[in-house]
Amino acid sequence: QLRMAIAALAMLVAFMIVGVFVHRHLETKRVRREAQQLVDQGRADHEQASLSTNLDQRNDLLVLAMAKFRKARFLTPNHPGSAAGMRDVALAHFNLALERKNWRQAREKLRMANNAGLSEARFNVLRQQLEKHETQRSREIRERVAFLMNDARKREARDVLHDLAVEELISLTDPMTIEELRNHLQDPLPECRLVAIKALSWMEAPHVVKD
């Protein structure tokens, strides 16, 4: 009877071990299947984003796609589709940021693409492209702010009305614009100070005005 009990116990242990392996196998298959579904959904969101002409909608779709690729990579770190998806979505977001002239976000997305497998050669080319855009944009902002302020100094025959100048400066919202306008907060002419204060207030930079 002792031998029979030992044999029965051994069989029970064997069944338990097999059960654990079967459970792990099934769980692994389920996780891989879930990861693949997330990758497929991420690709669909990315494709839809590439077809959208609405910048806000494109941004939202890219955010959704990135979230799905990240979750897929968390579930199965070695899934080839998740890393490639993260890289491609980050590049798409990089291009969107360039289109919106949001250089800080563009730099962030480019780093994300590089971390997700973008080649160093391609990374360097895009980084140089971004730096060229930044330099050009900064020059354009400095020149336009200088023109509008010089125009505000005119006593007569101004090219741009006061309110229109403020609206244009607001449309140039950028750290460079804020820095250039900050230089005019102590301008000798009240007209220039008023344009700078109004524009900065609308740019959600009241701390600059207070300072």
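The values are calculated or read from the model by the stated rules, or taken from the named source; none is laboratory data. Quantities reported herein were computed from a predicted structural model and do not represent experimental measurements. Backbone-built Cβ (ideal geometry, glycine too); neighbour counts: all protein chains shown. Areas reflect the complete protein model, heavy atoms only, side chains present, ligands, DNA and RNA absent. Shrake-Rupley method; radii C 1.70, N 1.55, O 1.52, S 1.80 Å.
Number of residues in segment 67-81 that are within 10 Å of Ala35 (Cβ to Cβ), open to solvent by 20 Å² or more (accessible area, probe 1.4 Å), not in a loop (DSSP other than H, G, I, E, B) and not charged (D, E, K, R): the value is 2. Of all residues in segment 143-158, which are without any contact (Cβ under 8 Å) to a residue 12 or more places away in the chain and of a type outside the set (Gly, Ala, Ser)? Glu143, Phe147, Asn150, Lys154, Arg155, Glu156, Arg158, listed by residue number.
Whether any residue in segment 165-185 is closer than 14 Å to Ala146 by Cβ, modelled with pLDDT of 85 or more, assigned to a loop (DSSP other than H, G, I, E, B) and of a type outside the set (Asp, Glu) is what I want to check. Within segment 165-185, one or more residues are closer than 14 Å to Ala146 by Cβ, modelled with pLDDT of 85 or more, assigned to a loop (DSSP other than H, G, I, E, B) and of a type outside the set (Asp, Glu). I'd like to know if segment 139-146 contains one or more residues that are more than 30 Å from Asn59 (Cα to Cα), over 30 Å from the mean Cα position of the chain (by Cα) and open to solvent by 70 Å² or more (accessible area, probe 1.4 Å). Looking for residues that are more than 30 Å from Asn59 (Cα to Cα), over 30 Å from the mean Cα position of the chain (by Cα) and open to solvent by 70 Å² or more (accessible area, probe 1.4 Å), one finds none in segment 139-146, hence no. Of all the listed residues (Ala92, Ala35, Ala72), the sole one being modelled with pLDDT of 95 or more and not acidic (Asp, Glu) is Ala92. Mind checking whether some residue in segment 120-128 is at pLDDT 85 or above, over 30 Å from Arg87 (Cα atoms), open to solvent by less than 50 Å² (accessible area, probe 1.4 Å) and out of contact with any Asp or Glu (no Cβ under 7 Å at 6 or more places or on another chain)? No, segment 120-128 has no match at all. Among the residues of segment 111-159, the one identified as part of a loop (DSSP other than H, G, I, E, B), touching a Lys or Arg at 6+ places or on another chain (Cβ under 7 Å) and not aliphatic (A, V, I, L, M) is Gly117. Kindly indicate whether Arg43 is of a type outside the set (A, V, I, L, M, F, W, C), under 30 Å from His79 (Cβ atoms), at pLDDT below 75 and part of a helix (DSSP H, G or I). No; evaluated as a whole, the condition is false for this residue.
Pairs meeting the criteria (first residue in segment 47-71 and touching a residue at least 24 places away in the same chain (Cβ under 8 Å), second residue open to solvent by 50 Å² or more (accessible area, probe 1.4 Å) and assigned to a loop (DSSP other than H, G, I, E, B), beta carbons under 9 Å, at least 6 apart or on different chains) are Leu55/Arg100; Asn59/Arg100. Just to be sure, is His133 farther than 30 Å from His46 by Cβ, of a type outside the set (A, V, I, L, M) and touching a residue at least 24 places away in the same chain (Cβ under 8 Å)? No: the conditions fail for His133.
For Arg104, the conditions (1) open to solvent by 80 Å² or more (accessible area, probe 1.4 Å); (2) more than 30 Å from Leu61 (Cβ to Cβ); (3) assigned to a helix (DSSP H, G or I) are fulfilled apart from (2). Just one of the listed residues (Ala165, Ala152, Ala116) is open to solvent by less than 40 Å² (accessible area, probe 1.4 Å), closer than 30 Å to Asp88 by Cα and among the small types (Gly, Ala, Ser), namely Ala116. Residues in segment 36-66 that are open to solvent by less than 80 Å² (accessible area, probe 1.4 Å) and hydroxyl-bearing (Ser, Thr, Tyr): Ser50, Ser52.
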